[in-house]
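Written out below as structure tokens is the structure these notes cover.
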Amino acid sequence: MLPPSANLGDGSDAFQLHYAREMQRCVVSYDTLDAALAGACKRLEEDSCLRVWITDASKRAILDDSQVRKRLAQFNPGRHAPKQG
């Protein structure tokens, strides 16, 4: 189980990476979108079947699973491509 993320405060422009692992939903907070994408990349390297998405500080989804994978694939062609079907 992942340790709880640090409280970044209500005024922060924090981003949260969401994913489910072993029947448990996980959320990790990051200061920047780039850091959240790097976190998604790391988790997808560990398990390419994870469904990931990123929200902003207001908990609004800004990138769904396919959008995260498309962004990551721009930097690593052939890796993290959107799942088919």
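The values are calculated or read from the model by the stated rules, or taken from the named source; none is laboratory data. Note that the structure is a prediction, hence the values are computed from the model and not measured. Every residue, glycine among them, receives a Cβ derived from its backbone with ideal geometry; neighbour counts consider all protein chains shown.
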Taking segment 23-43, which residues are of a type in the set (A, V, I, L, M, F, W, C), surrounded by 15 or more Cβ atoms within 10 Å (Cβ to Cβ) and in a strand (DSSP E or B)?
-> CYS26, VAL28
Consider HIS18 carefully, then state whether it is of a type outside the set (Asp, Glu), modelled with pLDDT under 90 and buried (at least 17 other Cβ atoms within 10 Å of the Cβ).
-> no
Out of segment 52-65, which residues are surrounded by 14 or more Cβ atoms within 10 Å (Cβ to Cβ) and either at pLDDT below 95 or outside any loop (DSSP other than H, G, I, E, B) (or both)?
-> VAL52, TRP53, ILE54, THR55, ALA57, ILE62, LEU63, ASP65
